[in-house]
Amino acid sequence: MVLSKTASETDVSVHSTFASRYVRTSLPRFKMPENSIPKEAAYQIINDELMLDGNPRLNLASFVTTWMEPECDKLIMDSINKNYVDMDEYPVTTELQNRCVNMIAHLFNAPLGESEAAVGVGTVGSSEAIMLAGLAFKRKWQNKRKAEGKPYEKPNIVTGANVQVCWEKFARYFEVELKEVKLREGYYVMDPVKAVEMVDENTICVAAILGSTLNGEFEDVKLLNDLLIEKNKETGWDTPIHVDAASGGFIAPFLYPELEWDFRLPLVKSINVSGHKYGLVYAGIGWVIWRSKEDLPEELIFHINYLGADQPTFTLNFSKGSSQVIAQYYQLIRLGYEGYRNVMENCHENAIVLKEGLEKTGRFNIVSKDNGVPLVAFSLKDNKRHDEFEISEMLRRFGWIVPAYTMPADAQHITVLRVVIREDFSRTLAERIVIDIQKVLHELDTLPAKVNAKLAMAEEEEAKSGTVVKKTAIETQREVAAFWKKYVSERKTNKNKIC
């Protein structure tokens, strides 16, 4: 489904830059043209428009891989016409997926026997993986409640307010209440103690995040597991844990092997991870692994035979490309433990270089942690004159795409900038962006304050009317954040939106 707004309301045609060489007539922008055009013209028109996209390598907002080795690029192109769902026609591709599932399951310390196969599936990303894991928890909880003769209409999931939007989608699409643990200033992940307090008999699972999107921090899954074991003993419930390791699943095993967050903890029943993030594959691949067959209800698995042999399937979609599965297998055997460890250590070191460079400016507070996903989240120490949204906007002039955003409830008055360190982000780039940020700060220092000028005018009007109320520092900061959220939202209305 596409939800979009037209970029141009006046010009309904697409014009070729080199029209005289290829075509002389313009093309309709929002309707299929009546006639064909030369392949060279089609390529040139599209290529010219795409020139205005941002540079993926400089898109520091995204966790998604933007570079792979040429050999893997070739494998991707060679298999781009294979439909993964045709398992009988492409048995080797299916075998490669099964190998990936087992490799990742062992990486996450799944309790597998000597010749026991892991339970898991490849998906188009962690969003689909989370939907599948959530459905498994919901169905298993419902079956247990039905067997006990208890109500099963009001399932809920306990998470932190820092979860990615796919959890909200799951809750809304599949009618599950989302009970969120609010954040607080200085603590931007789910508090395990508060999470366990919110668990009740209708809780199908507690979702812990290994690598928060907001600041890269790992939640304390071990503490959550221990507290939940005690609550289960007291209540007779068996509330499980799902670990959303979309970002951290390919980091923790290599940088923090002693950290207990995975299937070493008895209540962890399923884990999702994004192959297209630190699994080092282009966008379009995720994985979900279950602890055992008992944790994935058989009734959710469909069996089809109209493509050949009997094929079990548990996905939300059907057809999908094989390229990303093959690319994931390439990375796993090409890099091995040593290669992944080297990549993650390099990303971590570059994050430290960037963090130290920002600290030396004396203008920023670092919100992210040294241990976690290799990123740097930071906020201005003083944003009375200019704030993080202005820095984000001005950095685009240098080609950098650095997001600015407000924290979720109850820390929404905090605004941060975030730079994600991927494999293709070098130390040179880390040093370069610090220089460019300093240039932006210097320029902002010479400009009049935008937001505070508006707030000052509003306060002056209130004073004239005799209704002025002195605001606290936090209230003022929240007003600034609200102003910029509205400003950014209004800017986006003039751009296409696709979901």
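Each row is one residue, and each column tells you yes or no for (1) touching a helix residue (DSSP H, G or I) at 6+ places or on another chain (Cβ under 9 Å); (2) surrounded by fewer than 24 Cβ atoms within 10 Å (Cβ to Cβ); (3) not hydrophobic (A, V, I, L, M, F, W, C).
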residue: L183; (1), (2), (3): no, yes, no
residue: P192; (1), (2), (3): yes, yes, yes
residue: E201; (1), (2), (3): yes, yes, yes
residue: S212; (1), (2), (3): no, no, yes
residue: L224; (1), (2), (3): yes, no, no
residue: I229; (1), (2), (3): no, yes, no
residue: G236; (1), (2), (3): no, yes, yes
residue: T239; (1), (2), (3): yes, yes, yes
residue: S247; (1), (2), (3): yes, no, yes
Checklist entry - Which residue pairs have Cβ atoms closer than 6 Å, lie 6 or more positions apart in sequence or on different chains, and pair a first residue in region 421-439 that is under 15 Å from N59 (Cα atoms) with a second residue that is of a type in the set (G, A, S) and buried (at least 19 other Cβ atoms within 10 Å of the Cβ)? => result I421/A351
Checklist outcome for this item: Reported set for region 210-230 where residues are touching a Leu at 6+ places or on another chain (Cβ under 6 Å) and outside any strand (DSSP E or B) is G216, N225, L228
Checklist entry - Based on what the data block shows, is A207 within 21 Å of C166 (Cα to Cα) and outside any strand (DSSP E or B)? => result no
Checklist entry - Taking A110 and the conditions (1) touching a strand residue (DSSP E or B) at 6+ places or on another chain (Cβ under 7 Å); (2) in a loop (DSSP other than H, G, I, E, B); (3) over 25 Å from I333 (Cα atoms); (4) at pLDDT 95 or above, which numbered condition does it fall short on, given that it satisfies the others? => result (3)
Next on the checklist: Just to be sure I understand the filter: pairs with C-beta atoms under 7 Å, separated by 6 or more residues or on different chains, first member in region 354-382 and more than 27 Å from D244 (Cβ to Cβ) and not assigned by the TED database to the domain that holds P253, second member of a type in the set (D, E) and open to solvent by 80 Å² or more (accessible area, probe 1.4 Å). Which pairs pass?
Outcome noted: G357/E431
Checklist entry - Within region 50-76, how many residues are open to solvent by 80 Å² or more (accessible area, probe 1.4 Å), in contact (Cβ under 8 Å) with a residue 12 or more places away in the chain and assigned to a helix (DSSP H, G or I)? => result 2
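Okay, residues lined up against (1) of a type in the set (A, V, I, L, M, F, W, C); (2) farther than 17 Å from A118 by Cα; (3) out of contact with any Leu (no Cβ under 7 Å at 6 or more places or on another chain); (4) modelled with pLDDT of 95 or more:
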| position | (1), (2), (3), (4) |
| --- | --- |
| I251 | yes, yes, yes, yes |
| L255 | yes, yes, yes, yes |
| I271 | yes, no, yes, yes |
| S274 | no, yes, yes, yes |
| V281 | yes, yes, yes, yes |
| G284 | no, yes, yes, yes |
| W290 | yes, no, no, yes |
| D295 | no, no, yes, yes |
| D310 | no, yes, yes, no |
Next on the checklist: Would you confirm, using the coordinates I've provided, whether K269 is touching a residue at least 24 places away in the same chain (Cβ under 8 Å), crowded, with 21+ Cβ neighbours inside 10 Å and touching a His at 6+ places or on another chain (Cβ under 8 Å)?
Outcome noted: yes
Checklist entry - Going by the conditions given, is E299 over 23 Å from the mean Cα position of the chain (by Cα), of a type in the set (D, E) and assigned by the TED database to the domain that holds K144? => result yes
Checklist entry - Considering region 365-385 alone, what residues qualify as being farther than 17 Å from H413 by Cβ, open to solvent by less than 70 Å² (accessible area, probe 1.4 Å) and either in contact with a Phe, Trp or Tyr (Cβ under 6 Å, 6 or more places away or on another chain) or assigned to a loop (DSSP other than H, G, I, E, B) (or both)? => result I366, S368, G372, V373, P374
Checklist entry - How many residues does region 195-234 hold that are charged (D, E, K, R) and closer than 19 Å to E168 by Cβ? => result 1
Checklist entry - Quick check, is Y256 open to solvent by 50 Å² or more (accessible area, probe 1.4 Å) and among the aromatic types (F, W, Y)? => result no
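The values are calculated or read from the model by the stated rules, or taken from the named source; none is laboratory data. The structure displayed is predicted, hence computed values, not measured ones. Backbone-built Cβ (ideal geometry, glycine too); neighbour counts: all protein chains shown. Accessible surface areas use protein heavy atoms only, side chains included; no ligands, DNA or RNA. Shrake-Rupley method; radii C 1.70, N 1.55, O 1.52, S 1.80 Å.
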